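A short worksheet on the structure shown next.
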Amino acid sequence: MGLLSRKATCNSHGQDSSYFLGWLEYEKNPYHHLHNPNGIIQMGLAENQLSFDLLETWLAKNPEAVGCKRDGQSIFRELALFQDYHGLPAFKKALVDFMAEIRGNKVSFEPNNIVLTAGATSANETLMFCLAEHGDAFLLPTPYYPGFDRDLKWRTGVQIVPIHCTSSNCFRITASAIEEAYQQAQKKNLTVKGILITNPSNPLGTTMTRPELNLLINFITDKQIHLISDEIYSGTVFNSPSFISIMEALKDMNMEKNNRVHIVYSLSKDLGLPGFRVGAIYSNDPTVVSAAVKMSSFGLVSSQTQYLLSVMLSDKKFRNHYIVKNQNRLLKRQRKLVSGLEKSGIRCLESNAGLFCWVDMRHLLSSDTFEAEMELWERIIYDVKLNISPGSSCHCNEPGWFRVCFANMSEDALELAMQRLKSFVGSIEKHNHQESEKLRKESHIGKWIFRLSFQSFNEQDQR
Amino acid sequence: MLSSKASCNSHGQDSSYFLGWQLYENNPFHEVENPTGIIQMGLAENQLSFDLVESWLRKNPEVMELKKGGESVFRELALFQDYHGLPTFKNELVEYMAKMRGNKVKFDPNNLVLAAGATSANETLIFCLADPGEAILLPTPYYPGFDRDLKWRTGVEIVPVHCWSSNGFRITMFALEEAYERAQKLNLKVKGVLITNPSNPLGTTMTKEELDHLITFAMAKNIHVISDEVFSGTVFDSPGFISILEAAMDRNLENTDVWSRIHIVYSLSKDLGLPGFRVGMIYSNNKTVVGASTKMSSFGLVSSQTQYLLTNVLASKRFTSKYMKENQKRLKKRKEMLVSGLKKSGIECLKSNAGLFCWVDMRHLLSSNTLEAETKLWNQMVCDVGLNISPGSSFHCSEPGWFRVCFANMSRGTLQVAMRRIKDFVERSNFMGRIKMNYQQNMSSLSRKLLSNWVRKLSSPDPNEHER
């Protein structure tokens, strides 16, 4: 009999994936512009560090929010005691208003249908517990966020079956890909309970098209399964085409109250507050809301934090200002990365959202294999000193793609990263040129030797 | 359509424990606005010492403002999501925990795992120690929330270790063995025993003897011991608090197998009265458990804003010493008020030295020694007397008639009102009882019938009864 549980001793927390190993390497030798200018630059962390000044300015003007006060009175006691898993009503109201605004107010949300959780990590796991049994499956389009292998599967016992997307059509989801994944699951005797999409996509940085969304809605309706739309990057859409939330797509199909579609949200990416652990589940199904609310006991949001953010997000002026400014900065920063990579002859998937680019380094691989991708990744970490995330850790089925983050460092650090990459690519090209020269010479000599030996061979033969 | 977890009842929310809360929510007492409302005595919260914390916060405004030495630390905190927790916070926590144990035990911050409340800590530990279908032994009576926290999503079973009033509900070796055998008969693999020390709902600290039984038992059966010590800071009277680790150290078990099978759960919700801030933790000397539970804590991390605030509160040693002492004093006084108030109504409590509640003996007020009678009495208490107290059955107590009554979550004035209401109720019941006795002895059958109708009308709050 095992002393500990299987969950405690197995590897399905996914922590051994390269995604996390890159972090470990970075931790050992982190770049610092003064103390460690030759260290590894972290480009594997999808954080938004571009707009803190806006938040800090707001905090300075609104000390009551952070000081647990309201109209001059301390509400510390009230907050310290507030552990109602229904959440602070004022916060939920402010949050749904914020979410609606991000969606151009094309859809509106009911505060009673929102469940607060300690981060999207908790929200996603909770939804799995609510929608699927141990051993059931969810379909996920690849490439997808490596954390899902832990968040969706580890303690829930749910399986992930990938919906393979390829570069041939810019990784868009197709009907045949979904069907194929569904069949795969059936072959393995897995009951498919739903599909989980990330929109905008991590790691692609693209927003889903209307045809994709409609396709998904039709599929889940036909198969009577669920659709979870992880929209945590919805506030990071910085360019056209504009973001179409699953709710908007449903509304346009007159299926607004559909109770099999659920949204996951968080303030970690838009507002750049991953440390505050603020996530949410939104669902039109009262049973899901009710079960998720009870499960949220296992990961409630600190009331101190709920209060701070309820005041902040209730400030309409601030909300508008922040959304617009933040998006502008993200756009600028993405352009910087894209053009920097271009100078090294590296292209990115065209993207309009997120905190990263999906970068095409297939031409830098020594062969079209995952081993070559790992080789390249290791060289980039140890030689170029950039922690970027290999596509295989995102379950991409084509080697050579990498996710490179752009919003979690200073502009200077990004420039330095681009320079390092340029030198690296330059040296590869030089090396490749030398190699191909070598090969060419060898091949020339080889042919000559071959002709010679062939003659002698024939002579021998004919002896 | 949905999972069985989402559609079943094993979240335990239909238990009377939670129903009482709902009734209270519909008609809450307020000294001014609703003086006839229901008084909440079912919530184990510590509201007695906020002024101490608030006064400290007023003297240290930087902390709430997320500043340090005049500089903003907002950015740093906003980005801090490391599941290892804020190192300074963990350092302060282990010192605080050690202080609470008279510094007889020392804790290593690297063995501490933060979680969003003890609710999260307990569930996470179970996920780490047991597979679905396996079992944990729990001495009764126990906190109703465990039925959800330990079982719901983990699929683990609880097998009760029955404790009785005949020996003050102490855990005996016999009871442990009996529970273990019962589990075996049910084909359940026992992975551990979970105790709450100080006990909820008993309000007592475990004796050295009990702790020794548990450790010996865990050694013999090769199982874990989880000691939920969330109430350890609420020990206000002798005998002092003995932590499970102290008991193990006294037996020189530090380098033995069982040492890595003893785990502690703690939280700041009860001592510091901060349930809203969601600060819980697991302490374990088992590296694998620490490793796995650290990763699992991703599902319930503590807000960095809150970690920062409390790091600073706990770093003030003068404050924590003052707080511990004063808080315990206030708890003791308040408990004594409840105990003497109940005594005036002829109601006894289990002798207690900790917690935020008393375990109250109302067996003599039951119409019969049954669960139904307890539920009837509970109904009367909530609807008639207007006190939300928690019936022993919701704590899986094997004897009807015991109730948990909280004393630290209301003002003195409110507690006085509650005591008066109980007195009135008991007197009314006695009066009715005497009437009943008299008529049984003296009345003719017709008069008896008339009188019994009248008595029923007076004592029954349920309008439906009249329609029968």
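The values are calculated or read from the model by the stated rules, or taken from the named source; none is laboratory data. It should be emphasised that the depicted structure is a prediction, and the values quoted were computed from it without experimental measurement. No Cβ is skipped: glycine too gets one built from the backbone with ideal geometry, and neighbour counts run over all protein chains shown.
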Single residue of A:191, A:156, A:166 found to be touching a residue at least 40 places away in the same chain (Cβ under 8 Å), within 14 Å of chain B (Cβ to nearest Cβ), out of contact with any Pro (no Cβ under 8 Å at 6 or more places or on another chain) and of a type in the set (Ser, Thr, Tyr) = A:191
Please state which of the following conditions residue A:154 fails to meet, knowing it meets all the rest: (1) in contact with a His (Cβ under 8 Å, 6 or more places away or on another chain); (2) within 25 Å of residue A:212 (Cα to Cα); (3) part of a loop (DSSP other than H, G, I, E, B).
-> (2)
Could you check, for segment A:301-323, whether at least one of its residues is buried (at least 24 other Cβ atoms within 10 Å of the Cβ) and not in a helix (DSSP H, G or I)?
-> yes
Residues of segment A:414-439 satisfying the condition of being of a type in the set (A, V, I, L, M, F, W, C) and surrounded by 17 or more Cβ atoms within 10 Å (Cβ to Cβ) | A:414, A:416, A:417, A:418, A:421, A:424, A:425, A:428
Those residues of segment A:73-131 which are more than 8 Å from every other protein chain (Cβ to nearest Cβ), over 30 Å from residue B:61 (Cα atoms) and among the hydrophobic types (A, V, I, L, M, F, W, C), in sequence order = A:96, A:99, A:100, A:102, A:107, A:109, A:114, A:115, A:120, A:123, A:127, A:128
Which residues, taken from segment B:192-213, are closer than 15 Å to residue B:226 by Cβ and either among the aliphatic types (A, V, I, L, M) or within 14 Å of another protein chain (Cβ to nearest Cβ) (or both)?
-> B:192, B:193, B:194, B:195, B:206, B:211
Just checking, which of A:112, A:62 is surrounded by fewer than 24 Cβ atoms within 10 Å (Cβ to Cβ), within 15 Å of residue A:263 (Cβ to Cβ), out of contact with any strand residue (DSSP E or B) (no Cβ under 7 Å at 6 or more places or on another chain) and not basic (Lys, Arg)?
-> A:112
Does residue B:131 fit the bill of being of a type in the set (Asp, Glu) and within 23 Å of the chain's Cα centre (by Cα)?
-> no
Condition check for residue B:231: surrounded by 24 or more Cβ atoms within 10 Å (Cβ to Cβ), modelled with pLDDT of 95 or more and within 13 Å of another protein chain (Cβ to nearest Cβ) = no
Filtered residue count, segment B:69-107, keeping only those that are more than 8 Å from every other protein chain (Cβ to nearest Cβ) and under 18 Å from residue A:61 (Cα atoms) = 3
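Residue by residue, here is whether (1) at pLDDT 95 or above; (2) in contact with a Pro (Cβ under 6 Å, 6 or more places away or on another chain); (3) buried (at least 21 other Cβ atoms within 10 Å of the Cβ); (4) within 29 Å of residue A:77 (Cα to Cα) holds:
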| site | (1), (2), (3), (4) |
| --- | --- |
| B:201 | yes, yes, yes, yes |
| B:211 | yes, no, yes, no |
| B:223 | yes, no, yes, no |
| B:256 | yes, no, no, no |
Is segment A:91-99 home to any residue that is over 26 Å from the mean Cα position of the chain (by Cα), of a type in the set (Lys, Arg), part of a helix (DSSP H, G or I) and crowded, with 16+ Cβ neighbours inside 10 Å?
-> yes
Segment B:20-46: number of residues that are buried (at least 18 other Cβ atoms within 10 Å of the Cβ), part of a loop (DSSP other than H, G, I, E, B) and of a type in the set (S, T, N, Q) | 1
Count of segment B:408-429 residues which are outside any helix (DSSP H, G or I) and either in contact with a His (Cβ under 7 Å, 6 or more places away or on another chain) or loosely packed, with under 13 Cβ neighbours inside 10 Å (or both) = 1
Give me a count of the residues in segment A:334-343 that are in contact with a helix residue (DSSP H, G or I) (Cβ under 9 Å, 6 or more places away or on another chain) and crowded, with 20+ Cβ neighbours inside 10 Å.
-> 2
Single condition residue A:46 does not satisfy, out of (1) more than 8 Å from every other protein chain (Cβ to nearest Cβ); (2) within 28 Å of residue A:299 (Cα to Cα); (3) of a type outside the set (Ser, Thr, Tyr); (4) touching a helix residue (DSSP H, G or I) at 6+ places or on another chain (Cβ under 6 Å) | (4)
Strands (runs of 3 or more DSSP E) wholly inside segment B:110-191 containing at least 2 residues that are within 13 Å of another protein chain (Cβ to nearest Cβ), out of contact with any Pro (no Cβ under 8 Å at 6 or more places or on another chain) and within 26 Å of residue B:205 (Cα to Cα) | B:112-115, B:135-139
So which residues in segment B:61-79 are outside any helix (DSSP H, G or I) and not basic (Lys, Arg), if there are any at all?
-> B:65, B:66, B:69, B:70, B:71, B:72, B:73
Selection count where residues are surrounded by fewer than 24 Cβ atoms within 10 Å (Cβ to Cβ), among the β-branched types (Val, Ile, Thr) and at the interface with another protein chain (Cβ under 7 Å from one of its Cβ atoms), scope segment A:263-295 | 1
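Taking the condition of being of a type outside the set (Val, Ile, Thr), over 17 Å from residue B:77 (Cβ atoms) and not in a helix (DSSP H, G or I), how many residues in segment A:270-300 meet it?
Qualifying residue count, segment A:270-300: 8.
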Does residue B:273 fit the bill of being within 23 Å of residue B:337 (Cβ to Cβ) and not in a loop (DSSP other than H, G, I, E, B)?
-> no
Looking only at segment B:333-350, decide whether some residue is surrounded by fewer than 24 Cβ atoms within 10 Å (Cβ to Cβ), free of Cβ contacts under 8 Å to residues at least 12 places away in the same chain and not assigned by the TED database to the domain that holds residue B:20.
-> no
Output the number of residues of segment A:296-307 satisfying the condition of being more than 7 Å from every other protein chain (Cβ to nearest Cβ) and in contact with a helix residue (DSSP H, G or I) (Cβ under 6 Å, 6 or more places away or on another chain).
-> 2
